[in-house]
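Colleague: Just dropping this structure here.
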Amino acid sequence: MGIIRNILQRLLKENTIEKKEKLSESVYRIQVKGNGIKNAEFVPGYFLRVGIGLSDESIALQDFVRSYSVWNIDKENGTIDLAIATHSKGVGAKWTEECQAGDKIYFTWKKGNFILDESADSYLMIGDLSALSHLYMIRRNLSKDKQVESILYSQHKDELYTDIDGTTPFDFYEMPQNPYESIVSKIKEIVLGMTGRKIVYIGGDSRICVALNQFFRRELNWDTKQIKTKPFWNPVKKGLE
């Protein structure tokens, strides 16, 4: 285990937690500072792969690394902001609750496909608390002339926080876990007013990602290139990124 920790520590870049702030009952903002951030090749929608178990001998091998959305990046000051939800109560949540300003943090970039795509005229963004910061980042970097609609939900509406600039560009809803029928009902209303080429971003609960992907393809006849999904968590699977 010590050998693996040493290898990971060499692969991941060392940075420092600059600030930590509680955004809502179960969400923390963590600001990371490092020299390498200033020259990072970054596209809105990238993640960080964070080594959370490098100094904790009690953490199992499969829990060493977690992926977190980049909520904001400031290359001039060399900082990245993360907004991490802790309602899962897993090892990542424990690390988030216990870390402090001044602690070292080790990460590398994870690119993926759930990134900014400016090729559409209108957008629909759907997600729960776990996907909120990621969708904020996509939304903030779209051209101002784009039409953007949204369905952001949580079991407790007050857990949904404002964007990093203090704005609330999304429509918030209080819904239970896996609210497929309620979301579909709103989608049917929203898509009627969407114009031109359309794209939907669906993030969060893996059950919703799968079910809505099928709905857009089979019921609305959208092309797969118009549908972007990213499961952030699964109620029956530990450690889903």
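Colleague: Kindly indicate whether GLU97 is acidic (Asp, Glu), touching a strand residue (DSSP E or B) at 6+ places or on another chain (Cβ under 8 Å) and either assigned by TED's automatic domain parsing to the domain that holds PHE170 or buried (at least 18 other Cβ atoms within 10 Å of the Cβ) (or both). Can you show your working first?
Modeller: Numbers: acidic (Asp, Glu): yes; touching a strand residue (DSSP E or B) at 6+ places or on another chain (Cβ under 8 Å): yes; either assigned by TED's automatic domain parsing to the domain that holds PHE170 or buried (at least 18 other Cβ atoms within 10 Å of the Cβ) (or both): no.
No: the conditions fail for GLU97.
Colleague: Take GLU118 and decide whether it is touching a helix residue (DSSP H, G or I) at 6+ places or on another chain (Cβ under 9 Å), among the charged types (D, E, K, R) and modelled with pLDDT under 90. Steps first, please.
Modeller: On the way: touching a helix residue (DSSP H, G or I) at 6+ places or on another chain (Cβ under 9 Å): yes; among the charged types (D, E, K, R): yes; modelled with pLDDT under 90: no.
Answer is no for this residue.
Colleague: Look at TYR123 and say whether it is under 30 Å from LEU192 (Cα atoms), at pLDDT 95 or above, crowded, with 17+ Cβ neighbours inside 10 Å and not small (Gly, Ala, Ser). Reasoning before the result, please.
Modeller: Numbers: under 30 Å from LEU192 (Cα atoms): yes; at pLDDT 95 or above: yes; crowded, with 17+ Cβ neighbours inside 10 Å: yes; not small (Gly, Ala, Ser): yes.
When the stated conditions are applied, TYR123 passes them.
Colleague: Here's something else I'd like to know. What number goes with the only condition from (1) under 18 Å from the mean Cα position of the chain (by Cα); (2) farther than 23 Å from LEU142 by Cβ that GLU174 does not pass?
Modeller: Every condition holds for GLU174 apart from (1).
Colleague: Here is a further query. Which members of the stretch 16-46 meet the condition of being in a helix (DSSP H, G or I) and surrounded by fewer than 18 Cβ atoms within 10 Å (Cβ to Cβ)? Before you say what the answer is, go through the steps one by one.
Modeller: First, the residues of the stretch 16-46 that are in a helix (DSSP H, G or I): 35-39.
Across the stretch 16-46, the qualifying residues are ASN35, GLY36, LYS38, ASN39.
The values are calculated or read from the model by the stated rules, or taken from the named source; none is laboratory data. Given the structure is predicted, the values throughout are model-derived calculations rather than measurements. A quick note on method: Cβ atoms are made from the backbone with ideal geometry, for glycine too, and the neighbour counts reach across all protein chains shown.
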